[in-house]
Amino acid sequence: QLVESGGGLVQAGASLRLSCTASGRTEGYYTLGWFRQSPGKEREFVATISKSDGSTGYANSVKGRFTLSGDNAKNMVYLRMNSLKPEDTAIYYCAASTYYGGSDPNAYAYWGQGTRVTVSS
């Protein structure tokens, strides 16, 4: 099970921190990724982190603004989002893969319910 939290309504330029907690069979994830989906758009990759070495990857659209970190002891990952823009408005999903997931959502077998982020201009 994956549970996201931390979404909300903020103004442009503000920051938010999303959290994702893995439990049950998802605790053994190899890669945990964040994706987002806006109305009328396909789900897009945001960031990914490897549980083993903490290596991260980011979409170009968030690189330099978003930072992904993990706490293996708590089976949690945190997505720190700075300098938020209205185009960051979306439902953000946490997803887990038992192997290298990368940016392909099809590589992730487990998904959370999502947390909504709304950025006003």
Glu4 vs. criteria open to solvent by 50 Å² or more (accessible area, probe 1.4 Å), charged (D, E, K, R) and either outside any loop (DSSP other than H, G, I, E, B) or on the phi < 0 side of the Ramachandran plot (or both): no
Check on Asp53, out of contact with any Ser or Thr (no Cβ under 9 Å at 6 or more places or on another chain), over 17 Å from Leu18 (Cα atoms), acidic (Asp, Glu) and free of Cβ contacts under 8 Å to residues at least 60 places away in the same chain: yes
Enumeration of residues in region 76-98 that are under 14 Å from the mean Cα position of the chain (by Cα) and open to solvent by 20 Å² or more (accessible area, probe 1.4 Å): Met76, Tyr78, Arg80, Asn82, Thr89, Ile91, Tyr93
In region 16-28, the residues that are loosely packed, with under 13 Cβ neighbours inside 10 Å and more than 16 Å from Ser5 (Cα to Cα): Gly24, Arg25, Gly28
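The values are calculated or read from the model by the stated rules, or taken from the named source; none is laboratory data. Everything numeric here is computed off the predicted structure, so don't read it as measured data. Here the Cβ is made from the backbone with ideal geometry for all residues, glycine too, and neighbour counts use every protein chain on show. The accessibility values were calculated without ligands, DNA or RNA, using every heavy atom of the protein model including side chains. Shrake-Rupley method; radii C 1.70, N 1.55, O 1.52, S 1.80 Å.
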